[in-house]
1. Evaluate the following for ASP58: is it modelled with pLDDT of 90 or more and surrounded by 10 or more Cβ atoms within 10 Å (Cβ to Cβ)?
2. Would you be able to tell me the number of residues in the range 78-127 that are under 44 Å from the mean Cα position of the chain (by Cα), part of a helix (DSSP H, G or I) and surrounded by 12 or more Cβ atoms within 10 Å (Cβ to Cβ)?
Amino acid sequence: MADTSTAQLEKLEAEHAKRIAALQDIEAQLSALRAANRDAKRAELKKQIADYGFTAADLFEQPKPPRKPRTANKAKDDAAKPTAEAKYRNPTTGETWGGGRGRKPAWVVEATAKGIDIETFLIQKTA
């Protein structure tokens, strides 16, 4: 039985080597044929591109550069933003508030809930 399997193995290896050689021959022929037709195909494609009015950007999309995270320049952004000038002052604690957008301080919310006009807390400008 060992002789049969050894003979069969040798036969398969020989067939395999023959097919590998045939495949390499076919790949070489294909490569040569493509090289011979390359210039003609390029001219044909250029003509079709011109006929349809495509540009290089239409055909070959450039990948967009990755976006930088918004927090990358946080230190620079914080340094560039001036703090709002205090516009209102709490008479009991001395806490100030600029009166801009965002959440109002608790003392402002409490005062307006009691019906006190916010303008009573306005800091008087001295010229």
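1. Values: modelled with pLDDT of 90 or more: no; surrounded by 10 or more Cβ atoms within 10 Å (Cβ to Cβ): yes.
Spelling it out, it is not the case that ASP58 is modelled with pLDDT of 90 or more and surrounded by 10 or more Cβ atoms within 10 Å (Cβ to Cβ).
2. Total meeting the criteria: 1.
The values are calculated or read from the model by the stated rules, or taken from the named source; none is laboratory data. Bear in mind the structure is a predicted one, so any value in this text is a computation, not a measurement. Cβ sites come from the backbone with ideal geometry, for glycine too, and all protein chains shown count toward neighbours.
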